[in-house]
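J.: Please see the structure below; I have some questions.
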Amino acid sequence: MSTAGSVVRRASGGLGTWLRPVIRNRAGLIGLIGLVAFILLSFVGPLVVPLSTQTDLSKVYSPPSLQHPLGTDFQGRDIWAQVVHGGKEVLIIAFISGLISTAIAVALGSLSAVLGGLFDSFTMWVTDIWLTIPHFPVLAVIAAFVKLSDVWALAFILSLLAWPTLARAVRAQVLSLRQRDYVEAARALDLGTRHIVFSEILPNMMSYVAISLVFSMTSAIYAQVALVFLGLVPFATNNWGVMLSLAWTRGTIFYRGSLLNIMSPVLAIALFQLSLVWLTRSLEEVFNPRLRASA
Amino acid sequence: MESSYPAAERRDEVILRAEDLSVEYVVRRGVVRAVRGVSFELRRGEALALIGESGSGKTTLGLALVGLLPRTARVRQGHVIYRRQNGVYDVLSLSAGELRRFRWQECAMVFQSALNALNPVLRVADQFCDTARAHGNLDRAATYRRAQELLRLVQLDPDRVWRAFPHELSGGMRQRVLIALALLLDPQVIILDEPTTALDILTQRAVIDVLRQLRRQVDFSLIFISHDLSLAAELADRVATMYAGAIVEVSDVYEVFERPAHPYTRGLIRAVPTVTGDLRQLASIPGSPPDLVDILPGCKFAPRCPDADEACRTEEPQLVEVGPGHFAACHHWQKAGVSTL
Amino acid sequence: MNDKPALIELRHVGRTFRIGNRRVKAVDDVSLVIREGEIVCLVGESGCGKTTTGKMVAGLLPPTSGEILFHGRDLSTLRGPDFRRYRLAVQIIHQDPYASLNPAHTVESIIGAPLLRHRLASRANLRDRICELLRIVDLTPPEDLLDKYPHQLSGGQRQRVSVARALTVNPSFIVADEAVSMVDVSIRVSLLNMLTRLKETMGMTFLFITHDLAVAKHFAWQGRIAVMYLGRLLEVAPTSRLITEPLHPYTQALLMAIPEADPRLTRSKPRVQLRSLDIPSLLALPGGCTFHPRCPHFEAGLCDVKAPPLVALGDGRYVACHLVTQGGGAA
């Protein structure tokens, strides 16, 4: 029986059927390569590249060299090492936050659309309120009370703020899919609400869900980097956001030689986001059997 | 594939001729040969019906005639010869500008999803004036007069319809507005793609009657593409049946219903129920249309034909004359009437 | 006439929809008895309410007025297991072969789901049962189709899978909503023959909804046809009588308007000239008889004032027309 889970499994299990649509789509392939590269960089990299926290004032803002491929920062520390070590937290928060917010949004959005009535009205009322709350000031306030330096806490809070928009979109999708003839047939066959939501409707939304997941990851990254940049999150570790913040406060924009100091984290973040976005181009094909099985 | 279509006895001037036209689509799996070596003639004032089911290539053929094929399609060979007072030219070799002038002024096409072809935010009046203006007729008053005349010809009340938006009109009314719009620039040829599909019985009847009347009052030739044999029975002078991208039979309308020579045509006729008249035994055609990517040799209808033999499976039959003005592509057309189909 | 017990009975059934703050009476006062093993065709043009009626009969939409009885019991009183039994006894087949099957499921999954859900087959004999059902709908060899997705099947094959899916729960009644309208002409007949076989071998009862009177005539030759217009039933009669002797002016107009696949016949067929080509909108229904603005036999003062009730004329014939019931006859 095909549930949403088995669609994912089937999509990712048979490597041949899964890889082919990704490889076919140029942008998607580059995105996938980029994603894999960043994951390796951030999780395997730190095992290979040592991070030096020793300041060496003689080497401040030194240009790229064999020893320091991206040069050194305002304290003479290797930028490349910082980039390698700085991705892990960012990626973890992105994945976790993205997963949690998408899961909540899909669950609430689809149940809302299918059950209708009071549940629907209540959920929509909650999302309405949530949507009118400006995220950033709220985050700033929360930062004053909660220790946001904990990766999990930050991820969780970010996802709590992100799910309402997604839930509305999911609800709209489900409402439209609910009108399909095959859903009506499932009702006539008395297959049950759970089956209708998870087996009939969700599998047809998988590409939409996957793409939404990716985009909630990108917005989690931006939120996180912005929080760090604004100094709302105390930095205990070094990540790309911290790099950016430090570079900024140290006035690197005023000095040409320090370009790499500020551009490295920016590029790292931007390239990662780009990989994610380009990956979505082929996700549509991965989940659509009509496009997938055309060989 | 070459199909020789012997020139029929010319009762009248031929204004449009397709010569050995082949169109293919490029898809992931390969190349779909949607139209294979089609040749036919359209004479002045006549109505030709192109009858075929899904996969027959009829819509592709229609699009090719007006140069409106999608970018994934390419014309592999063939010509579409069009004759005007001042000369003869191949539609497929026209430049973009010339093609635009050809469309609508010489040859107007009304599409299958025509009911949605009207711009929903423009009033009917604007659609007419825009079309006229796009072809260089800036005289709004003249356009108005002509449009009113045409709307009356299609049994619409011009005052009611002129300032209306498309959503205020019913499907049948929209279809008739489109027919009037097609006639606006006085084209020589009108191509209708599935003009009555998706219309109710009574609305269909109105459109058919309107078309019949128009043919009496306005001078134009008509090609209509449909899967509906009864539409051909109503309106056509000549009928061409298409199967798997080729014309398998063409003849005068009475002849083709009384003495169909190709097994596919016979099968189609026997599959259509009639309302008046006795209850007859209906028969469907077993199997389904062939794959147009991996094309097998021989007659494409052979897998579904009860009379197919080795000759049918190896050699594709060409159109041969089986009667005056009647052509069929079948090796065994003489068996017509004896066949079990 | 069929004297089997009534399977489904509609008593003054109506369905009103609210669009914005306006009300649309999609179905108005429809009464019909469908007996076991019968084929009843519901015929009408688009917007006449036949699909809505079909959905109400299938239990997918509740009527806003009137009752629907199943084996004599009012549907609205059925609860829990009784309602479930009714749900499974009445199945629906949709018009659009491209929309009736879930594109994300294989044929095996589509047919297997209801079998497993209702424990009509165990995992051990699931495949066999699925193949058996596929054979019943003439999809052979069934094994070849199990792993196929809907987009890999033709329109006709998809409709057959739809029917097989409906048969999984052993229904006694099938509502076929324009089930052959979007299928090629050459395949239509074999689909109809397959459905007829279901009636003969399983005693299946059909409510066959269509706008195509010719198809209705052939499928329901031994059955009855009910003609609907703008939500109301105008005429009900055994098929052969309705076709040869239509009584209601609308039925007459319809029969005369249909083009025939025979040029001599169709070009000489007399047409009924209607007074107006416009179809009234459901939002602004004409008073009295809904057909009166177009009826060639319109009688002022009567037809535009009072709505004619559906009157039984005996012999299974019912007509809703003042002129017919008054013996004037709308010839």
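J.: Enumerate the calculated ³J(HN,Hα) couplings along segment A:40-54 in order (Karplus 6.51 cos²θ - 1.76 cosθ + 1.60, θ = phi - 60°), each rounded to whole Hz, writing x wherever the residue is Gly or Pro.
T.: 4, 4, 7, 9, 8, x, x, 6, 9, 9, x, 9, 9, 9, 6
J.: Determine ³J(HN,Hα), in whole Hz, for all residues of segment C:140-155 in sequence, where each value follows from phi through the Karplus function 6.51 cos²θ - 1.76 cosθ + 1.60 and θ = phi - 60°; x replaces Gly and Pro.
T.: 10, x, x, 4, 5, 9, 4, 8, 7, 8, x, 6, 8, 10, 7, x
J.: Using the alpha-carbon atoms, what tilt in degrees (0 to 90, nearest 10) does helix C:126-136 show relative to the longest principal axis of chain C?
T.: Taking the Cα atoms of chain C, the angle to C:126-136 is about 40 degrees.
J.: Follow-up question, since we're still on this one. Could you list which residues have their amide H under 5 Å from that of C:Thr205, counting only those 5 or more apart in sequence or on another chain, with H placed in the peptide plane?
T.: Counting only residues 5 or more places away or on other chains, the set is C:Gly37, C:Phe173, C:Ile174.
J.: May I ask which residue of C:Val215, C:Ser154, C:His118 lies farthest towards the positive end of the charge dipole of segment C:6-325, with charges of +1 (Lys, Arg) and -1 (Asp, Glu) on Cβ and the Cα centre as origin?
T.: It is C:His118, whose Cα lies furthest towards the positive end.
J.: Filter the trypsin sites (Lys or Arg not before Pro) in segment C:45-151 to those in DSSP coil with at most 13 other Cβ atoms within 10 Å of their Cβ, and list the result.
T.: Working: sites: C:Lys50, C:Lys55, C:Arg73, C:Arg79, C:Arg84, C:Arg85, C:Arg87, C:Arg117, C:Arg119, C:Arg123, C:Arg127, C:Arg129, C:Arg135, C:Lys148; in loops: C:Arg79, C:Arg119, C:Arg123, C:Lys148.
Of the trypsin sites (Lys or Arg not before Pro), the ones in loops of segment C:45-151 whose Cβ has at most 13 other Cβ atoms within 10 Å are C:Arg79, C:Arg119, C:Arg123.
J.: In square nanometres, what is one fourth of the surface area of the convex hull spanned by the alpha carbons of segment C:6-325? Please report the intermediate quantities before stating the final value.
T.: Values: hull surface 72.7 nm².
Spelled out: convex hull of the Cα atoms, projected over all directions, averaged, 18.2 nm².
J.: Hey, another quick one. Looking at B:Pro303, B:Asn119, B:His326, which one has the Cα that reaches farthest to the positive end of the dipole of chain B (charges on Cβ: Lys, Arg +1; Asp, Glu -1)?
T.: Toward the positive end, the furthest listed residue is B:Asn119.
J.: To continue, here is another question. How much net charge surrounds A:Ser275 when only the other residues with a Cβ under 15 Å from the Cβ of A:Ser275 are counted, with Lys and Arg +1 and Asp and Glu -1?
T.: Details: positive: A:Arg26, A:Arg281; negative: none.
Value of the local net charge: +2.
J.: As I understand it, the dipole of the protein assembly as shown uses +1 on the Cβ of Lys and Arg and -1 on the Cβ of Asp and Glu, about the Cα centre. Which of B:Val256, A:Leu244, A:Ser110 lies farthest toward its positive end?
T.: About the Cα centre, the residue reaching furthest to the positive side is A:Leu244.
J.: Would you grab the residues whose amide H sits under 5 Å from the one on B:Ala108? Only those 5+ places off in sequence or on another chain, please, with H modelled 1.01 Å from N.
T.: When sequence neighbours closer than 5 places are left aside, the close amide H contacts are B:Val189, B:Ile190, B:Ile191.
J.: Do any trypsin sites (Lys or Arg not before Pro) in segment B:66-139 lie in a loop, going by DSSP, with at most 10 other beta-carbon atoms within 10 Å of their beta carbon, and if so which?
T.: Numbers: sites: B:Arg71, B:Arg74, B:Arg76, B:Arg83, B:Arg84, B:Arg100, B:Arg101, B:Arg103, B:Arg123, B:Arg133; in loops: B:Arg71, B:Arg123.
Answer in residue order: B:Arg71.
J.: Within segment C:239-331, which trypsin sites (Lys or Arg not before Pro) sit in a loop by DSSP and count at most 16 neighbouring Cβ atoms inside 10 Å?
T.: On the way: sites: C:Arg241, C:Arg264, C:Arg267, C:Arg271, C:Arg275, C:Arg294, C:Lys306, C:Arg317; in loops: C:Arg271, C:Arg275, C:Arg294, C:Lys306.
Here the sparse-neighbourhood loop sites are C:Arg271, C:Arg275, C:Lys306.
J.: Using only C-alpha atoms and all pairs of different ones, pull out the Kirkwood radius for the protein assembly as shown in Å with one decimal.
T.: Computed over the protein assembly as shown, the radius equals 32.5 Å.
J.: Continuing with this model, one more query. Apply the Karplus parameterisation 6.51 cos²θ - 1.76 cosθ + 1.60, with θ equal to phi minus 60°, to every residue of segment C:184-189 and state each ³J(HN,Hα) to the nearest whole Hz, in sequence, with x for glycine and proline.
T.: My calculation for segment C:184-189 gives 3, 4, 5, 9, 4, 4 Hz in order.
J.: Oh, and also: Using DSSP H assignments, which helices in chain A have an axial alpha-carbon span of 15 Å or above and a mean Kyte-Doolittle hydropathy of -0.5 or higher? Before the final figure, lay out the partial values.
T.: On the way: long enough: A:26-39 (20 Å, 2.13); A:79-115 (53 Å, 1.62); A:117-132 (23 Å, 0.73); A:135-145 (16 Å, 2.08); A:151-178 (38 Å, 1.24); A:206-229 (34 Å, 1.67); A:259-287 (41 Å, 1.34).
Flagged H segments are A:26-39, A:79-115, A:117-132, A:135-145, A:151-178, A:206-229, A:259-287.
J.: Turning to a different aspect of this structure: Between C:Ala164, C:Ala284, C:Ala312, find the one with the highest GNM mean-square fluctuation for chain C; connect C-alpha pairs within less than 10 Å.
T.: Of C:Ala164, C:Ala284, C:Ala312, the Gaussian network model singles out C:Ala284 as fluctuating most.
J.: Pairs of Cα atoms under 8 Å, at least six residues apart: use those to get the relative contact order of segment C:6-325, whole percent.
T.: 20
J.: If you average the C-alpha positions of segment A:192-251 and of segment A:86-144 separately, how far apart do those two centres end up, in angstrom?
T.: That distance is 11 Å.
J.: What distance in nm separates the simple spin-label points at A:Val146 and A:Val44, each placed 7 Å from Cα in the Cβ direction?
T.: Inter-label distance under the simple model: 3.4 nm.
J.: What does the charge dipole of chain B about its Cα centre add up to, to the nearest 20 debye, if the Cβ of each Lys and Arg holds +1 and the Cβ of each Asp and Glu holds -1?
T.: Values: 41 positive and 42 negative charges, 186 e Å.
The dipole of chain B has a size of about 900 debye.
J.: Dividing the Cα radius of gyration by the Kirkwood radius, what Rg/Rh value follows for segment B:19-69? Let's see the in-between values first.
T.: Values: Rg = 12.1 Å, Rh = 12.1 Å.
With Rh from the inverse mean 1/r over Cα pairs, Rg/Rh is 1.01.
J.: Sticking with this one: Given H placed on each backbone N at 1.01 Å, which residues far from B:Ala283 in sequence or on other chains put an amide H within less than 5 Å of it?
T.: B:Ala271
J.: I would also like to ask the following. Placing unit charges on C-beta atoms (Lys and Arg positive, Asp and Glu negative, everything else neutral), compute the dipole magnitude of the protein assembly as shown about its Cα centre in debye, rounded to 20. Could the numbers behind the result be given before it?
T.: Working: 101 positive and 86 negative charges, 352 e Å.
I would put it at about 1680 debye.
Quick note: the coordinates plus some simple rules give every number you see, no bench work behind them. Please read all numbers here as calculations on a predicted model, not as lab measurements. Note that we place each Cβ from the backbone using ideal geometry, even for glycine, and neighbour counts take in every protein chain shown.
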